[in-house]
1. Using only the Cα atoms of segment 110-227, what are the Rg and Dmax in Å?
2. Determine ³J(HN,Hα), in whole Hz, for all residues of segment 87-97 in sequence, where each value follows from phi through the Karplus function 6.51 cos²θ - 1.76 cosθ + 1.60 and θ = phi - 60°; x replaces Gly and Pro.
3. Roughly how compact is segment 61-109, stated as its Cα Rg over 2.2 N^0.38 Å to two decimals?
4. Once the other residues with Cβ under 10 Å from the Cβ of Ile41 are scored (Lys, Arg +1; Asp, Glu -1), what is the net sum?
5. For Cα pairs less than 8 Å apart in space and 6+ apart in sequence, what is the mean separation divided by the residue count of the chain, i.e. the relative contact order in percent?
6. Could you go through segment 139-152 in sequence order and give the Karplus-derived ³J(HN,Hα) for each residue, using 6.51 cos²θ - 1.76 cosθ + 1.60 with θ = phi - 60°, rounded to whole Hz, and x for Gly and Pro?
7. Where does helix 166-181 land angle-wise versus the long Cα axis of the chain, in degrees 0 to 90, nearest 10?
8. With a sphere of radius 13 Å drawn around the Cβ of Phe145, what net charge do the other residues whose Cβ falls strictly inside it have (Lys, Arg +1; Asp, Glu -1)?
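What follows draws every value from the coordinates through simple rules; no lab data is involved. Note that the structure is a prediction, hence the values are computed from the model and not measured. When we count neighbours, we look across all protein chains shown, and the Cβ atoms used for this are built from the backbone with ideal geometry, even at glycine.
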Amino acid sequence: MQAQAAPPPPDAPAQAGRPGTYVRGTETVDAILKAALRVLINEGAGAFTIRRIAAECGMKVGNVSYHFPRKELLIQVLLDDLFESYDKLLDDQVRQPDLSTQDRLRLVIEICLEDIARMRTTRLFTELWALANHNPFIADRVRAFYQRVHDVIAEYVAALNPALPADDVRTVAIFISASMEGTTPFAGHLKPWADRMPALIRIATSHLVRLAQTITSEEVHGLSGTM
């Protein structure tokens, strides 16, 4: 006789097609996601296992793996939720009809750098980068997250600099994003120059916006001043 499969957790979605399906908003899934975030932030990439996450939220490993059979799926959902929270913040603070495009880009830069200075973001993204170094699936999910960030920045760069070709707009958006993310190991939470972050924000909001407005395609391609 074949052994019977273990029954699903009490709040598993009805008629779930296979393990790994989940429904946002259920008590179990929310508890798993919160525990996963705590483990990643407080203990790091090395501790980010299904077993450790199960212990953190007081569940059996089988209950966690029913919803998320691989830790990579947890990362995917965490990143999706994170971008949604940032997008809501943009709706509340940036996408306001009385703000100019210049002010909107300035606010995006300010919000991102202020967020980088927080413990949660400093630790979360450094651990995500560590996981991405050794896991192609997570690397692709992190890339997709930043692609969405670049889309937001590119929208404002294109509006501020309409003469810039679309591919160059994308390059400038990546540069602005990289300039912000690059502050993490230097001026993030408890990093060596964290006290300089307010000054870095002032420099970035002034000069990166000016760059977006004035850079030319020739400068992007290194053609300026050539014979």
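1. 15.8, 50
2. In residue order, the calculated couplings are 5, 5, 4, 5, 4, 6, 10, 10, 7, 10, x Hz.
3. 1.77
4. Here the count lands on +1.
5. Relative contact order of the chain: 18 percent.
6. 4, 5, 5, 5, 4, 5, 4, 5, 4, 5, 4, 4, 4, 4
7. Taking Cα atoms only, the helix is inclined about 70 degrees.
8. Details: positive: Arg141, Arg143, Arg148; negative: Asp80, Asp81, Glu84, Asp87, Asp140, Asp151, Glu181.
Local net charge: -4.
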